[in-house]
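The values are calculated or read from the model by the stated rules, or taken from the named source; none is laboratory data. Since we're looking at a predicted model, the values are computed, not measured. With ideal geometry, Cβ positions are generated from the backbone for all residues, glycine too; neighbour counts draw on all protein chains shown.
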Amino acid sequence: MGTRDDAWLHSWIGSSDADHIRVAGRDLPSEVMGRLTLTQLSYLLVTHREPTAAQGRLVDAVLVSLADHGLTPSALASRLTYTGAPESIQGAVAAGLLGAGSVFLGPAGDTAHFLAETLALGGGEAELDHDELRAVAAAAVERRRAAGLRVPGLGHPVHKGGDPRTPRIYALAEAEGLLGQHLRLLATVAEMQALASGNDLPVNGAGAGAAALLDAGVPATAVRGMALIARTAGLVAHLVEEAESPIGMPLWLEIEERANDVADGGDEV
């Protein structure tokens, strides 16, 4: 029987033995702990390089912007799961993250792929001027409309007049010298979408955050994951609040009462 070759069976991300723990190829206690923030470490892990000071500040601002958005379906899913299984905080957090999709929490990742693919079709790494960017954006909007698909990164179910996070993200990116092609493309896409449809859908915070992450050097494949890292903080906070001031059980009882009223022939709600 030949010698087994296990050289492939390793990960740069992390490893440990009896005396050492290594993360991102570095000694965890001496080279990472106390030196890198969680944001900086997350960036390092997905890009294999530390962020510049400007990249770190912009990525951190985006993560903060995505940490929580109130009693959204993801927060309610976590709280209601905790109501049924308070011993399983990990299950309750997972329940909130599992709902990340095209409507809530997932649009950042969808927008990132849309922008990256649009720029790839428009010329790859080449810097596009104003007119070229408009042409690329118009073509992307037309492709989405022809396929019957929504343009990701635009509009919001609550902030219909404009997401308050968006101008702040653009301002921070510009201040850090990181307002690049992805952020410019997204703003131009919103303009082309309004011209094509007659419906003005402003850039939402998730879309702006996705574009900013791309301009800061985060790969499109990691953007949804970065959003999940951010939202985990918010969900943990919801569960702490749920333990102290429960709304899960009262919410369930209220829905149960209303459903019984309808079943008994009462007024529909």
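Inside segment 8-32, can you point out the residues that are out of contact with any Gly (no Cβ under 8 Å at 6 or more places or on another chain) and of a type in the set (G, A, S)?
S11, G14, S15, S16, A18, G25, S30, listed by residue number.
What are the residues in segment 127-169 that are under 16 Å from L183 (Cβ atoms) and of a type in the set (A, V, I, L, M), if any?
L128, L133, V136, A137, A140, V151, L154, I169
What are the residues in segment 1-30 that are of a type in the set (D, E, K, R) and over 19 Å from L45 (Cα atoms), if any?
Filtering segment 1-30 for residues of a type in the set (D, E, K, R) gives 4-6, 17, 19, 22, 26-27.
Scanning segment 1-30 gives R4, D5, D6, D17, D19.
What is the residue count in segment 214-269 for residues that are farther than 19 Å from L97 by Cβ and hydroxyl-bearing (S, T, Y)?
Total meeting the criteria: 1.
Tell me, yes or no, whether segment 55-71 has at least one residue that is in a loop (DSSP other than H, G, I, E, B), modelled with pLDDT under 95 and among the aliphatic types (A, V, I, L, M).
Yes; the residues of segment 55-71 include at least one that is in a loop (DSSP other than H, G, I, E, B), modelled with pLDDT under 95 and among the aliphatic types (A, V, I, L, M).
Given the residues D215, D200, which is the only one that is of a type in the set (D, E, K, R), within 18 Å of the chain's Cα centre (by Cα) and over 29 Å from L76 (Cβ atoms)? Break it down stepwise before answering.
Values: D200 fails: within 18 Å of the chain's Cα centre (by Cα).
Only one candidate qualifies: D215.
Given (1) touching a residue at least 24 places away in the same chain (Cβ under 8 Å); (2) out of contact with any Ser or Thr (no Cβ under 9 Å at 6 or more places or on another chain), where does V46 come up short, assuming only one miss?
(2)
Considering only segment 105-121, I want to know if a residue exists there that is farther than 26 Å from P157 by Cα and surrounded by fewer than 18 Cβ atoms within 10 Å (Cβ to Cβ). Spell out how you get there, then give the answer.
Taking segment 105-121 and keeping what is farther than 26 Å from P157 by Cα, we get 119-121.
So of that shortlist, the ones also surrounded by fewer than 18 Cβ atoms within 10 Å (Cβ to Cβ) come out as 120-121.
Checked segment 105-121: at least one residue is farther than 26 Å from P157 by Cα and surrounded by fewer than 18 Cβ atoms within 10 Å (Cβ to Cβ).
Do any helices (runs of 4 or more DSSP H) lying entirely in segment 165-269 carry at least 2 residues that are surrounded by 18 or more Cβ atoms within 10 Å (Cβ to Cβ), and which ones are they? So that I can check it myself, show each step before the final result.
Numbers: elements: 165-175, 181-197, 205-215, 220-244, 248-263.
So the answer is 165-175, 181-197, 205-215, 220-244.
Yes or no, residue by residue, for (1) of a type in the set (S, T, N, Q); (2) closer than 30 Å to E50 by Cβ; (3) touching a Leu at 6+ places or on another chain (Cβ under 9 Å):
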{"site": "Q181", "(1), (2), (3)": "yes, yes, yes"}
{"site": "D200", "(1), (2), (3)": "no, no, no"}
{"site": "V240", "(1), (2), (3)": "no, no, no"}
{"site": "S245", "(1), (2), (3)": "yes, no, no"}
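Taking segment 92-134 on its own, how many of its residues are of a type in the set (A, V, I, L, M, F, W, C), over 19 Å from V218 (Cβ atoms) and assigned to a helix (DSSP H, G or I)? Write out each step before concluding.
Going through segment 92-134, the residues of a type in the set (A, V, I, L, M, F, W, C) turn out to be 92-95, 97-98, 100, 103-105, 108, 112, 114-116, 119-121, 126, 128, 133.
With over 19 Å from V218 (Cβ atoms) added as a condition, the list becomes 92-95, 98, 103-104, 121, 126, 128, 133.
In the following step, the residues that additionally are assigned to a helix (DSSP H, G or I) were identified as 92-95, 98, 121, 133.
Going through segment 92-134 one residue at a time, the tally reaches 7.
Could you run through segment 72-91 and say how many residues are outside any helix (DSSP H, G or I) and under 17 Å from the mean Cα position of the chain (by Cα)?
Restricting attention to segment 72-91, the residues satisfying the condition of being outside any helix (DSSP H, G or I) are 72, 85-88.
Cutting the leftovers down to under 17 Å from the mean Cα position of the chain (by Cα) gives us 72.
Residues that pass the stated criteria total 1.
Could you tell me how many of the residues in segment 27-46 are crowded, with 17+ Cβ neighbours inside 10 Å and outside any helix (DSSP H, G or I)?
Looking only at that region, the number is 1.
Could we say that A222 is closer than 19 Å to G180 by Cα and in contact with a Pro (Cβ under 8 Å, 6 or more places away or on another chain) here?
Values: closer than 19 Å to G180 by Cα: yes; in contact with a Pro (Cβ under 8 Å, 6 or more places away or on another chain): no.
Against the criterion (closer than 19 Å to G180 by Cα and in contact with a Pro (Cβ under 8 Å, 6 or more places away or on another chain)), A222 does not qualify.
Any chance segment 141-164 includes a residue that's more than 22 Å from the chain's Cα centre (by Cα), in a loop (DSSP other than H, G, I, E, B) and free of Cβ contacts under 8 Å to residues at least 40 places away in the same chain?
Yes - at least one qualifying residue is present in segment 141-164.
For segment 101-122, give me each residue that is under 19 Å from L235 (Cα atoms) and either of a type in the set (A, V, I, L, M) or without any contact (Cβ under 8 Å) to a residue 40 or more places away in the chain (or both).
G101, V103, F104, L105, A108
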